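Let me begin by presenting the structure, written as structure tokens, before commenting on it.
The values are calculated or read from the model by the stated rules, or taken from the named source; none is laboratory data. As the structure is a prediction and not an experimental result, all values here were calculated from the model. Glycine also receives a Cβ, built like all others from the backbone with ideal geometry; neighbour counts cover every protein chain displayed.
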Amino acid sequence: QSALTQPPSVSGSPGQSVTISCTGTSSDVGSYNRVSWYQQAPGTAPKLMIYEVSNRPSGVPDRFSGSKSGNTASLTISGLQAEDEASYFCSSFTNMRSFVFGGGTKLTVL
Amino acid sequence: QVQLVQSGAEVKKPGASVMVSCKASGYSVTNYYMHWVRQAPGQGHEWMGIIDAGDGSTSYVQKFQGRVTMTRDTSTNTVFLELSSLRSEDTAVYYCARGRALNSGNDLNFDYWGQGTLVTVSS
């Protein structure tokens, strides 16, 4: 199962919105609403930000939102804050009854 | 509150085995699945497999079949990953991550992660 494709980096200024894409195939993202997004700062454990494409766990700000169209899922962060600077990666359930992850995207807040 | 605390860093020689533990607190492991995920230096995360900590059944990624074993000790609320026949490509940070609740209808997987365990394979 190949990794999901994410842009290596994105950037935005405080207050702006950024969107990170996560492209898979009809065997994973395109077939299941089981896409999740994670935030990971260097040297720390990942934190779940979005699950089932667009659901936020309790405690995650509503500035974080998720969506999906076809084989591509997206994470949008609105009202960027300095504390959002981190790496973000996605995951999806697959038709092999396994999970596949994206390569990660480094978000820089300018 | 839910916490997953993993064992410390390991340095192993090629061909050896390593066992990583993941002790849960704040919930009973027997009510949830547990995933194991690894991240090699400079690479993305890789799912290794899952254990139903209720009955101990497992499902492993094909590439690790024959080398990986996931187990649990309900008396200590701990889940274990053992990887054998280690090679340099196995050098990575290994994470446990809580899966969804058994008999749950949602897909709330990977909601809590351990702090990671660095396994270095070097001669």
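Does B:Trp47 satisfy the criteria of being within 15 Å of B:Trp113 (Cβ to Cβ) and without any contact (Cβ under 8 Å) to a residue 24 or more places away in the chain?
Values: within 15 Å of B:Trp113 (Cβ to Cβ): yes; without any contact (Cβ under 8 Å) to a residue 24 or more places away in the chain: yes.
Taking the combined requirement at face value, the residue satisfies it.
Within the stretch B:41-55, take every residue that is farther than 22 Å from B:Asn106 by Cβ and modelled with pLDDT of 95 or more and give me the one that is farthest from the other protein chains (Cβ to nearest Cβ).
From the stretch B:41-55, those farther than 22 Å from B:Asn106 by Cβ are B:41-44, B:46, B:48; that's our starting set.
Checking which are modelled with pLDDT of 95 or more leaves us with B:46, B:48.
Values: B:Glu46: 7, B:Met48: 10 Å.
The residue in question is B:Met48.
With respect to B:Ser85, determine if the residue is more than 13 Å from every other protein chain (Cβ to nearest Cβ), touching a residue at least 12 places away in the same chain (Cβ under 8 Å) and among the hydroxyl-bearing types (Ser, Thr, Tyr). Before the answer, list the steps.
Values: more than 13 Å from every other protein chain (Cβ to nearest Cβ): yes; touching a residue at least 12 places away in the same chain (Cβ under 8 Å): yes; among the hydroxyl-bearing types (Ser, Thr, Tyr): yes.
In short, yes.
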Residues of the stretch B:88-110 being touching a Lys or Arg at 6+ places or on another chain (Cβ under 6 Å) and within 10 Å of chain A (Cβ to nearest Cβ), in sequence order, are B:Asp107, B:Leu108, B:Asn109
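Looking at B:Val119, B:Val79, which is the one that is within 11 Å of B:Met34 (Cβ to Cβ), away from chain A (no Cβ under 14 Å) and outside any loop (DSSP other than H, G, I, E, B)?
Working: B:Val119 fails: within 11 Å of B:Met34 (Cβ to Cβ).
B:Val79 is the lone residue from the list that is within 11 Å of B:Met34 (Cβ to Cβ), away from chain A (no Cβ under 14 Å) and outside any loop (DSSP other than H, G, I, E, B).
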When restricted to B:Arg72, B:Arg38, the only residue touching a strand residue (DSSP E or B) at 6+ places or on another chain (Cβ under 9 Å), within 11 Å of another protein chain (Cβ to nearest Cβ) and not aliphatic (A, V, I, L, M) is B:Arg38
Filter the stretch A:60-85 for residues that are part of a strand (DSSP E or B) and within 14 Å of chain B (Cβ to nearest Cβ); the one that is surrounded by the most Cβ atoms within 10 Å (Cβ to Cβ) is A:Ala73
Of the residues in the stretch B:82-113, those that are part of a strand (DSSP E or B) and in contact with a Phe, Trp or Tyr (Cβ under 7 Å, 6 or more places away or on another chain) come to B:Tyr94, B:Tyr95, B:Cys96, B:Ala97, B:Arg98, B:Gly99, B:Arg100, B:Ala101, B:Trp113
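Rundown of residues vs (1) under 30 Å from A:Pro8 (Cβ atoms); (2) surrounded by fewer than 16 Cβ atoms within 10 Å (Cβ to Cβ), yes/no style:
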| position | (1), (2) |
| --- | --- |
| B:Met19 | no, yes |
| B:Pro41 | yes, yes |
| B:Glu46 | yes, no |
| B:Thr74 | no, yes |
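Within the stretch B:62-78, identify whether any single residue is modelled with pLDDT under 95 and among the charged types (D, E, K, R), and answer yes or no. Full working, then the answer.
Start the filter on the stretch B:62-78 by keeping residues that are modelled with pLDDT under 95, which leaves B:62-66.
Now drop any that are not among the charged types (D, E, K, R), which leaves B:63.
Looking through the stretch B:62-78, at least one residue is modelled with pLDDT under 95 and among the charged types (D, E, K, R).
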Going through (1) hydroxyl-bearing (Ser, Thr, Tyr); (2) closer than 18 Å to B:Leu108 by Cα; (3) more than 13 Å from the chain's Cα centre (by Cα) one by one, B:Tyr33 fails only at (3)
All conditions in (1) more than 10 Å from every other protein chain (Cβ to nearest Cβ); (2) touching a Phe, Trp or Tyr at 6+ places or on another chain (Cβ under 8 Å); (3) not hydrophobic (A, V, I, L, M, F, W, C) are true of A:Thr94 except (1)
